[in-house]
Amino acid sequence: MKLLIKNGRLIDPAGAVDQIMDILIENGRFREIAKSIKKISGCPTIEAKDMVVSPGFIDMHTHLREPGQENKESIESGARAAVHGGFTSIACMANTEPVNDNRSVTEYIIARARQVGLVNIFPVAAVSRGLLGENLVEMADLVEGGAVAFSDDGHCVMKADLIRKALEYAKMLDVPIIEHPEDHSISAEGQVNEGFISYKYGLRGMLKAAEEVIVARDLILQERIQSRLHLTHISTAGSVELIRNARKLKTPVSSDATPHHLLLNEELVQSYNPVYKVKPPLRTEADRLELIRGLQDGTIDCIASDHAPHTRDDKDKEFEFAPFGVIGMETSFAVVFDRLVRRKLLTINRLVELFSTNPARVLGLKNRGRVKTGFPADLTIFDPKKRFKIEEKEFRSKANNCPFLGWEGQGAVAHTIVSGNIVYSFKTR
C-alpha cells in the first residue's frame, strides 16, 4: 500500500529539515523524501500545499482508564480522541484498575491497542506496587513486557530511598522515571493554588512548595545518579528555575507542561466550575508566563495533555467534591498553536519539537519523532489557516471535562497518519 504527500512544508527538527517536500510512503514506512516525486498511478495522494507536515505528534502523558474504568474512557475511545487531536502515539499512565504494576496488565494494554489499530499506545508502568509508594515493581520484567517508562502519576513517590532505587534501576534499563512532583504532607487536602484567590473564596489551598520541594529533592538525587528523570506537569516559576539551574550544572533532566497550565491561571477558579479543578492546580499569571519562558529557552522539553477523563456525573459536583483533571488530547495542538504560535510566543519549529521530537527522545522511541527513510510512517499534517471552534459534539472522548470548550481560533489538524494509514482527516469527518 502506498500514499503520497505532495507540496507540504516538512518540519523535522531532528533531521534539520524545514522545506517544501514530497513524501512517499509504502507498506507503512517512509520510502522516499524528496523535493519532487512524480504522482503514481493508483496511489492515493494528499495535496498538502500551505500545510505543515510534522513527524507524528506524541502525547507522553495520558490516562486511558482501561482496564477497569471503561465508563470514563476506553483504549478505543481514547485512541479516537488521540488521532482527532493529531497524535500518532500516546503514553498511558498506570493508574488503572488493576494498576499497571505487573507484566500482564502491560501486555493487555498493548494487545488492546493493536486490536483497536488506530494509534501507537506505549504503556507507562507504576514505580511502586499498587501505587502505594512502598515496594518497587519488577522493572526489568515490565520493560521486557513493553513498558516504556515508570510513573506513580497521581501519587508522588514520597520515599526518597524508593525513588533513588527506581532511578538506579531505570539507569540500568535505560528508561525514564516520570515523577509527579507533589509532597503530600504539604499539599494535604488542597484544592487550588494557595494564595489570594484561595483565601478570598474559602477554597483549601495547595502551596507551590509542595511541587518545588520534590523537584529539588529529585534533582539532587539525579545529579548523583545520572539516570533518566522526567518531571511532569510542571506548574510553578520556582520549579522552572530549579530545572533551569540543574541543566546549567549538566544534570540530566527533562520536563513537560500542560496546555491548561500554559494558557489558564487561578483566576478561573473564582467561578467554582469544577472543570478548572486540576492537579497540580492552576497557578498565578506570573507562574504561567514563566512556564512559557521555560518553553522558549528550552528548560521545558515537551507539552503533554495529562488527559484525565471523568464521567459527567463525577465531574459535575460541588468544587470541593469533584475529582481533579481535564481532558486534552483533542484540543492540545489547536489551543497551543493559536495562543502561542500565532501570537509569536513560539515558532512552528519549536512547537514540533515540543509535540514530537522531544517526547520521542524522552521516552526513548528511537524510530519515532523523525521523518526518515525506513522509519514507521507516522505524520501529523496541520493547516495553520484553518479556523476551529472547540465544541463538545466533536469530541471522540467519552468525557467532556474540557476547560477550552467554546474557544475559537486558527490552526487545525488536517490529517493524522499512523504507519501509512490515514486514521483521521477533517475532510471526511
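Return yes or no: is Glu241 surrounded by 19 or more Cβ atoms within 10 Å (Cβ to Cβ) and charged (D, E, K, R)?
Values: surrounded by 19 or more Cβ atoms within 10 Å (Cβ to Cβ): no; charged (D, E, K, R): yes.
No, not satisfied.
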For residues that are in contact with a helix residue (DSSP H, G or I) (Cβ under 7 Å, 6 or more places away or on another chain) and charged (D, E, K, R), tally how many sit in the range 1-39. 1
Identity of the residue in the range 323-360, over 18 Å from Cys92 (Cβ atoms) and either acidic (Asp, Glu) or not assigned by TED's automatic domain parsing to the domain that holds Phe122 (or both), that ends up farthest from the chain's Cα centre (by Cα): Asp338
Identify, by number, the condition in (1) touching a residue at least 12 places away in the same chain (Cβ under 8 Å); (2) outside any helix (DSSP H, G or I) that Val213 doesn't meet. (2)
(1) more than 30 Å from Glu392 (Cβ to Cβ); (2) in contact (Cβ under 8 Å) with a residue 40 or more places away in the chain; (3) surrounded by fewer than 17 Cβ atoms within 10 Å (Cβ to Cβ): which one isn't true of Gly145, the others all being true? (3)
Take the residues in the range 323-354 that are of a type in the set (Lys, Arg), out of contact with any Gly (no Cβ under 7 Å at 6 or more places or on another chain) and not in a helix (DSSP H, G or I), then tell me which one is surrounded by the most Cβ atoms within 10 Å (Cβ to Cβ). Arg343
Of (1) more than 30 Å from Gly411 (Cβ to Cβ); (2) surrounded by fewer than 24 Cβ atoms within 10 Å (Cβ to Cβ), Glu76 fails just (1)
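For every residue, the table says whether it meets (1) in contact with a helix residue (DSSP H, G or I) (Cβ under 7 Å, 6 or more places away or on another chain); (2) assigned by TED's automatic domain parsing to the domain that holds Asp314.
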| position | (1), (2) |
| --- | --- |
| Ser41 | no, no |
| Ala48 | no, no |
| Gly68 | no, yes |
| Ser74 | no, yes |
| Gly86 | yes, yes |
| Ala91 | yes, yes |
| Val105 | no, yes |
| Tyr108 | no, yes |
| Ala113 | yes, yes |
Condition first: more than 22 Å from Arg228 (Cα to Cα), within 21 Å of the chain's Cα centre (by Cα) and not in a loop (DSSP other than H, G, I, E, B). Now tell me which residues in the range 111-150 satisfy that. Arg112, Ala113, Arg114, Val116, Asn120
Test: residue in the range 182-194 that is touching a Lys or Arg at 6+ places or on another chain (Cβ under 7 Å) and charged (D, E, K, R): yes
Tell me the residue from Leu10, Leu4 that is more than 30 Å from Ala111 (Cβ to Cβ), at pLDDT 95 or above and in contact with a Cys (Cβ under 7 Å, 6 or more places away or on another chain), please. Leu4
Of the residues Ile25, Ile5, Ile33, Ile40, which single one is of a type in the set (A, V, I, L, M), part of a loop (DSSP other than H, G, I, E, B) and farther than 17 Å from Met329 by Cα? Ile40
So is Glu211 of a type outside the set (Val, Ile, Thr), in the same structural domain as Pro281 (by TED's automatic domain parsing) and either over 28 Å from Phe337 (Cβ atoms) or surrounded by fewer than 18 Cβ atoms within 10 Å (Cβ to Cβ) (or both) or not? no
Does the range 138-145 include one or more residues that are touching a Phe, Trp or Tyr at 6+ places or on another chain (Cβ under 6 Å) and at pLDDT 95 or above? yes
Say whether the condition of being among the hydroxyl-bearing types (Ser, Thr, Tyr) and farther than 30 Å from Leu167 by Cβ is met by at least one residue in the range 67-75. yes
With the requirement that a residue be small (Gly, Ala, Ser) and either in a strand (DSSP E or B) or modelled with pLDDT of 95 or more (or both), what does the range 195-204 give you? Gly195, Ser198
Has the range 376-384 got any residue that is surrounded by fewer than 18 Cβ atoms within 10 Å (Cβ to Cβ) and within 15 Å of Ser54 (Cβ to Cβ)? yes
Can you tell me which residues in the range 216-235 are over 20 Å from Ala166 (Cα atoms) and either in a helix (DSSP H, G or I) or not assigned by TED's automatic domain parsing to the domain that holds Ile186 (or both)? none
Looking at Asn100, is it under 26 Å from the mean Cα position of the chain (by Cα), buried (at least 22 other Cβ atoms within 10 Å of the Cβ) and polar (S, T, N, Q)? yes
The correct count of residues that are surrounded by fewer than 18 Cβ atoms within 10 Å (Cβ to Cβ), on the phi < 0 side of the Ramachandran plot and assigned to a loop (DSSP other than H, G, I, E, B) in the range 173-194 is 1
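The values are calculated or read from the model by the stated rules, or taken from the named source; none is laboratory data. All figures in this text were calculated on a predicted structure; none of them were measured in a lab. Cβ sites come from the backbone with ideal geometry, for glycine too, and all protein chains shown count toward neighbours.
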